[in-house]
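The values are calculated or read from the model by the stated rules, or taken from the named source; none is laboratory data. Just so it is clear, the structure is predicted and the values come from calculations on it, not from any experiment. Cβ atoms come from the backbone with ideal geometry, glycine included; neighbour counts cover every protein chain shown.
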Amino acid sequence: MKKAIVLLSGGLDSATTLAIAHGQGFRCYALSIDYGQRHFAELNAAQKIAQSLGSHKHQIIKIDLTAFGGSALTDQSIKVPTSGENPGIPVTYVPARNTIMLSLALAWAETLDCQDIFTGVNAVDYSGYPDCRAEYIQAFGIMANLATKASVEGKQLTIHTPLMLLSKQQIIQTGLALGVDYSLTVSCYQADEAGQACGVCDSCRIRKAGFKAANIPDPTAYKAN
């Protein structure tokens, strides 16, 4: 069985990506990053998802991006937007986050003699982050295959982005067909420690719209207003 590293945040997209990798016959090593995000609920969710979907191993790595800040997710003094999507890159963008996460996945992949990394980036229903684009993933893949001992010795690495061109509706439908329990996932930028979502941040709005478009009851636990 081929091995794969799957980046697992604890949210809807990464859970679906893990299910897809399993469905394609990979032995999955789930990797979650504690980067100093506003809450630990999504990492708790990641542990439950990894167990639910039968990951071979789940590892959480801590790296403190609050030292740099620059994002509403790593700086408590910057408010999470709740008034709907606005033009431009939102303040919830975390500088270099996907580059850091993919680099850590790459390091683990090398030690496991693994040539496949899965990430749930999406360029359709998302918040406009530059490191979610196909061009970025392609460039990272080129870099990865220049930078590693494994690739120099002929073992080419592949970055899989199965959700890249799917709408949130399609992602949800795909995950349900693969047995994902979305009640376990946490997508909210400012969920409480119990995992209850705010319902009004960009991530919550996109998630809500996806379930509505799919005509599927939303299993998300929302905070009482």
Response to the item:
ASP192 vs (1) touching a residue at least 40 places away in the same chain (Cβ under 8 Å); (2) part of a loop (DSSP other than H, G, I, E, B); (3) closer than 26 Å to GLY23 by Cα: all pass except (3)
Worksheet item: From GLY120, GLY175, GLY179, which residue is at pLDDT 95 or above, surrounded by 21 or more Cβ atoms within 10 Å (Cβ to Cβ) and either hydroxyl-bearing (Ser, Thr, Tyr) or assigned to a loop (DSSP other than H, G, I, E, B) (or both)?
Response: GLY120
Worksheet entry | Complete set of residues in the range 141-172 that are out of contact with any strand residue (DSSP E or B) (no Cβ under 8 Å at 6 or more places or on another chain) and hydrophobic (A, V, I, L, M, F, W, C) | ILE142, MET143, LEU146, ALA147, ALA150, VAL152, LEU163, MET164, LEU165, LEU166, ILE171, ILE172
Practice prompt. Name the single residue, out of those in the range 134-164 being in a loop (DSSP other than H, G, I, E, B) and touching a residue at least 12 places away in the same chain (Cβ under 8 Å), that is surrounded by the fewest Cβ atoms within 10 Å (Cβ to Cβ).
Written response: GLN156
Worksheet item: Applying the selection to the range 84-107, what residues are out of contact with any helix residue (DSSP H, G or I) (no Cβ under 8 Å at 6 or more places or on another chain), touching a residue at least 40 places away in the same chain (Cβ under 8 Å) and either over 20 Å from TYR136 (Cβ atoms) or buried (at least 19 other Cβ atoms within 10 Å of the Cβ) (or both)?
Response: MET101, ALA105
